[in-house]
Every structure is written in structure tokens, then in C-alpha cells.
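The values are calculated or read from the model by the stated rules, or taken from the named source; none is laboratory data. Only a predicted model underlies this, so the values are computations on that prediction, with no experimental measurement involved. All Cβ positions, glycine included, derive from the backbone under ideal geometry; neighbour counts span all protein chains shown. Keep in mind that these areas ignore ligands, DNA and RNA; they rest on the heavy atoms of the full protein, side chains included. Shrake-Rupley method; radii C 1.70, N 1.55, O 1.52, S 1.80 Å.
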Amino acid sequence: VLVSFLAVAINVNAAPRQGASELQVSGGLFHAEGSDVGNLNLDLSYGWYLSPGWQLGFRQAANYNFIDDASDQWIATTSPFVNYHFPVTDIIVPYLGAFIGAAWNDRDVTGTVGPQGGIKFFVHEQAFLNLGYRYEWFWNKFERINNESDNGNHVFNIGVGFMWGGSGTGTRRP
């Protein structure tokens with residue numbers, strides 16, 4: 001599937017541009033470390049490019065836990081993020097970043113922080129497929145983050161993103 005996807009994208013001349021806006025819808029699953037609990041997640045994010053490399057954004061995510069022989073649970077996260085993009089080509093754009101925000105449900109609110117990364121595969125000047133990963137640490141007091149570092153979530157997702165606006169030529173090559 002990925003090979004056919006990249007074959008279609010061969011003629012695409014796209015990459016992030018300064019001032020561009022980005023809207024992304026993603027879905028996936030995560031596995032809570034040290035357990036057999038499964039989860040479905042959905043993310044909606046908006047980002048704005050300060051430059052072709054730097055992006056500031058905001059993500060709203062909803063996670064639903066499926067638990068055998070117990071009540072299912074949900075958690076939502078609201079977190080601003082920052083990413084740096086490394087354009088390998090105008091089609092393949094990996095990124096690394098970090099986020100900090102709040103995780104909440106109908107019973108509790110706590111903080112979340114962590115690293116994130118992924119690869120954007122542009123299929124059009126304004127559309128891409130995203131393969132993303134983030135690790136979510138949870139904490140209720142900032143000084144306890146290190147003590148809670150092994151109690152987090154691995155979140156993998158696949159998404160579709162759309163870009164518009166921006167100025168200049170970004171990272172396009174002649």
C-alpha cells in the first residue's frame with residue numbers, strides 16, 4: 001500500500017511553507033504499558049507554520065479504552081504542541097516535537113507531557129498522509145513527572161492532513 005501511495009506522489013511538489021495552516025484528522029490505537037488494555041483514539045489538530053521547519057499547534061484527542069471484564073473508560077487530551085520538520089524531499093517530511101497539556105474524563109483531570117514524531121507523505125501540494133507516534137506521560141504535580149515516566153501511553157496513529165495559505169516558496173526546489 002505504501003509503495004503504491006508513494007508511486008502516486010512521485011510528481012507532487014509540496015512541503016510546509018511559512019505562514020501555512022494545517023488541519024489534520026488522525027486515528028489509531030495505543031497500548032497502555034504493562035497491561036492488556038486496548039484503545040481506540042481519534043485526534044483533531046490545527047497547526048500554523050512559523051517557518052518551513054517550525055510548527056505550533058493545538059490537538060484535541062479522544063481515547064476510548066476497551067477493558068475485558070470491567071467498565072470501559074474514556075479520556076480526552078487537550079494539548080498545544082511544537083514540531084520541527086526535516087524535509088527529506090518535497091514529498092517526504094519527517095518531524096520531531098513535544099507537547100504539554102491536560103488529560104481529563106468524567107472523574108479526573110491531570111497533566112500530560114511528552115515527545116512526538118512522525119512522517120508526512122505529501123500526495124498533493126495541499127494534502128498528506130501522516131504516520132505519527134507520541135508518548136504520553138501523566139502527572140498531577142510537575143515535580144513528579146520523572147516518578148511517573150514508566151506509567152504512560154504509546155500512541156500510534158494514521159492521519160490525513162490538509163494545508164492552505166502560507167507565503168513564499170517554502171522548501172520547494174526548482
Inset, instruction - Quick one: which residue in Trp104, Trp139 is among the hydrophobic types (A, V, I, L, M, F, W, C) and in contact with a helix residue (DSSP H, G or I) (Cβ under 7 Å, 6 or more places away or on another chain)? - result: Trp139
Legend entry - The one condition in (1) loosely packed, with under 14 Cβ neighbours inside 10 Å; (2) over 17 Å from the mean Cα position of the chain (by Cα); (3) of a type outside the set (Phe, Trp, Tyr); (4) modelled with pLDDT of 90 or more that Asp72 fails to fulfil: (4)
Inset, instruction - Determine whether the stretch 77-94 contains at least one residue that is closer than 30 Å to Trp164 by Cα and in contact with a His (Cβ under 9 Å, 6 or more places away or on another chain). - result: yes
Inset, instruction - Please determine, by comparing only the residues of the stretch 48-69 that are hydrophobic (A, V, I, L, M, F, W, C) and open to solvent by 30 Å² or more (accessible area, probe 1.4 Å), which one is farthest from the chain's Cα centre (by Cα). - result: Ile67
Inset, instruction - Report yes if some residue within the stretch 106-120 is in contact with a Gly (Cβ under 7 Å, 6 or more places away or on another chain) and β-branched (Val, Ile, Thr); otherwise report no. - result: yes
Inset, instruction - Just one of (1) touching a Leu at 6+ places or on another chain (Cβ under 9 Å); (2) open to solvent by 20 Å² or more (accessible area, probe 1.4 Å); (3) modelled with pLDDT under 95; (4) closer than 20 Å to Gly28 by Cβ trips up Pro115, so point out which. - result: (3)
Inset, instruction - Specify the residue that is farthest from Asn153 (Cα to Cα); the eligible residues are those in the stretch 107-127 that are free of Cβ contacts under 8 Å to residues at least 12 places away in the same chain and of a type outside the set (Val, Ile, Thr). - result: Arg107
Inset, instruction - Check whether at least one residue in the stretch 26-47 is open to solvent by 20 Å² or more (accessible area, probe 1.4 Å), more than 23 Å from Gly152 (Cβ to Cβ) and not hydrophobic (A, V, I, L, M, F, W, C), and report yes or no. - result: yes
Legend entry - Number of the exception - Ile91 against (1) of a type outside the set (Lys, Arg); (2) open to solvent by 50 Å² or more (accessible area, probe 1.4 Å); (3) within 21 Å of Val25 (Cβ to Cβ): (2)
Inset, instruction - Go through the stretch 75-101 residue by residue and tally those that are aliphatic (A, V, I, L, M) and more than 13 Å from the chain's Cα centre (by Cα). - result: 6
Inset, instruction - Considering only the stretch 152-162, state which residues are modelled with pLDDT under 95 and open to solvent by less than 90 Å² (accessible area, probe 1.4 Å). - result: Gly152, Asn153, His154, Val155, Asn157
